[in-house]
1. So which of A:Val111, A:Val138, A:Val174 ends up being on the phi < 0 side of the Ramachandran plot, within 13 Å of another protein chain (Cβ to nearest Cβ), out of contact with any strand residue (DSSP E or B) (no Cβ under 8 Å at 6 or more places or on another chain) and among the hydrophobic types (A, V, I, L, M, F, W, C)?
2. What tally of residues in segment B:146-166 results from selecting those that are of a type outside the set (A, V, I, L, M), open to solvent by less than 10 Å² (accessible area, probe 1.4 Å) and within 13 Å of another protein chain (Cβ to nearest Cβ)?
3. Which of the residues that make up segment A:114-135 are at negative phi and not hydrophobic (A, V, I, L, M, F, W, C)?
4. Condition first: under 26 Å from A:Ser240 (Cα atoms), modelled with pLDDT of 95 or more, over 20 Å from the mean Cα position of the chain (by Cα) and not β-branched (Val, Ile, Thr). Can you find one or more residues in segment A:170-185 that meet it?
5. Considering segment A:210-248 alone, what residues qualify as being within 23 Å of the chain's Cα centre (by Cα) and at pLDDT below 95?
6. Give the number of residues within segment A:42-59 that are polar (S, T, N, Q) and in contact (Cβ under 8 Å) with a residue 60 or more places away in the chain.
7. Quick test of your reading of the structure: A:Glu209 fulfils all but one of (1) surrounded by 15 or more Cβ atoms within 10 Å (Cβ to Cβ); (2) within 14 Å of another protein chain (Cβ to nearest Cβ). Name the failing condition by number.
8. Step by step: first the residues of segment A:94-123, then only those that are aliphatic (A, V, I, L, M) and assigned to a loop (DSSP other than H, G, I, E, B), then the one that is farthest from A:Pro176 (Cα to Cα). Which residue is that?
There are 2 protein chains.
Amino acid sequence: MPLIAISDPDDPRIAAYHAVRERDVVGRGERFVAEGEVVLRLLVGDASRHAIESALIAETRVEALAAELARVPPETPVYVAGQTVMDAIVGFQIHRGVLAIGRRAPALNSVSLLARLPQTAVVVALVGVSNHDNVGGVFRNAAAFGADAVLLDGSSCDPLYRKAIRVSVGASLVMPFTRGGSGEALVDALDAAGFETLALSPAGDRTLETVTPAARAALLLGAEGPGLPAALMARTRTVSIAMAPGFDSLNVATTSGIALYAVTRGKAPKFRTRR
Amino acid sequence: MPLIAISDPDDPRIAAYHAVRERDVVGRGERFVAEGEVVLRLLVGDASRHAIESALIAETRVEALAAELARVPPETPVYVAGQTVMDAIVGFQIHRGVLAIGRRAPALNSVSLLARLPQTAVVVALVGVSNHDNVGGVFRNAAAFGADAVLLDGSSCDPLYRKAIRVSVGASLVMPFTRGGSGEALVDALDAAGFETLALSPAGDRTLETVTPAARAALLLGAEGPGLPAALMARTRTVSIAMAPGFDSLNVATTSGIALYAVTRGKAPKFRTRR
């Protein structure tokens, strides 16, 4: 964990931090951008599924981050710069002066991930949820309620986009997830693994508080607006959250929190932490 | 509801729309900025607590908004402009080409508002919640679950800031609210009106699912991070949401949704709509 002082914004050693932008939503292949103290702590912690490749820290933050920096592997560089240089490097005011580049763990496969979950398990499945805030919020809730995994179809956004990681408060770095394929393929995999899929929709057949979830339960959520495709609703158990007339919509991340609360009620503290 | 074509971005008639900015967070006294079709529909609908002063609509949207525009009072101007002119007026890409200026209803007083609520009522009280997304999210949830009112202390953000209205999907235009004073004064008013205040906190004494709410129940929420002041926790019934070890935090808007679900469970559809 060598601390390397950077005084030139154009120093080639910190090239990975160039072009990190407030609206940075472009995939970076094997790499992702993490920001903020809490996210750094999770990235270098025992529960992290991914590796840290380097960090870029404002010099005023180094002392307060001693515990986190001590967990950075010996061969991984930690660049230190003054705030002005940092701002010049990344082109915007960095979230509390803490940035890191991570390297993704190999992608998981939904069939094998589901197969190795315990017999009592809760997963969240997202179809067409492309908003970063919402995906980040779903991961935050999934971690808070001890869900076992999050499955995303290919049209949902990458949980390792910078903003999704930030909104998840780092949960997307520790929560096992898969991403890809169609919503149909997702429900196929859940069926094959013996999960009962509960499709959350304002048009659901029964209300959430009447549902007794199966030992293996999946909460299926679609995007706000279009909602879940009719074909997926037709083959799953559909569940609504009772709402006041005239205001029959909730944010999708909020919906995930309410549904996770309902299906894990009283059980969350017994759930294991992430590996 | 005269349609007035605008071709000059500097036309003095649309001066109120200048300087509406993406990060527009400055109070506008008696006025507020509303945007988007759903928000406009609520602003001109029966449930609105506030008045529309004018609207600015992209010419491509006029036809689709016929029903909403028919509800704009006869003396209220509706300005119509091409997208280029609209963008030049407000300085950013307008949310789907629909903007309106509203005029606030006279501020409510928390003591008199609480006094006139029904004997079975649920309110949400916010202390120090200054984030616009969170305040908007709380209003959206309060409306969805048929809460009767939202009370905000003076350090919480104005629910009629543009972004808060947008995130609330217009709920902050129809939900009765008060804002001002200290958290102590808020709890005083709730006590005096016979409300039992449930303070949501990760450090709460009992878990949410064990709580049977009183007929008049208030859900008290603080900002993420600092949470609720100890003095308020000491004088209220504190409630936690059981979470997995190591991830003991939820977004404040999500928390409001889960708590509203728990205390109104099965009752929301019977709640009246807003007047």
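The values are calculated or read from the model by the stated rules, or taken from the named source; none is laboratory data. A quick note: this is a predicted structure, and the numbers were derived from the prediction, not measured. All Cβ positions, even for glycine, are placed from backbone atoms using ideal geometry, and neighbour counts span all protein chains on display. Side chains are part of the model used for accessible areas, which takes the heavy atoms of the whole protein and leaves out ligands, DNA and RNA. Shrake-Rupley method; radii C 1.70, N 1.55, O 1.52, S 1.80 Å.
1. On the way: A:Val111 fails: within 13 Å of another protein chain (Cβ to nearest Cβ); A:Val138 fails: out of contact with any strand residue (DSSP E or B) (no Cβ under 8 Å at 6 or more places or on another chain).
The unique qualifying residue is A:Val174.
2. Of the residues in segment B:146-166, 2 are of a type outside the set (A, V, I, L, M), open to solvent by less than 10 Å² (accessible area, probe 1.4 Å) and within 13 Å of another protein chain (Cβ to nearest Cβ).
3. Here is the first cut: in segment A:114-135, the residues at negative phi are A:114-127, A:129-135.
A:Arg116, A:Pro118, A:Gln119, A:Thr120, A:Ser130, A:Asn131, A:His132, A:Asp133, A:Asn134 - these are the residues of segment A:114-135 that are at negative phi and not hydrophobic (A, V, I, L, M, F, W, C).
4. Yes, the conditions are met somewhere in segment A:170-185.
5. Matches in segment A:210-248: A:Ala223, A:Glu224, A:Gly225, A:Pro226, A:Gly227.
6. Initially, segment A:42-59 is screened for residues polar (S, T, N, Q), giving A:48, A:54.
If we keep only those that are in contact (Cβ under 8 Å) with a residue 60 or more places away in the chain as well, we get A:48.
Count: 1.
7. Among (1) surrounded by 15 or more Cβ atoms within 10 Å (Cβ to Cβ); (2) within 14 Å of another protein chain (Cβ to nearest Cβ), A:Glu209 violates only (1).
8. A:Ile94
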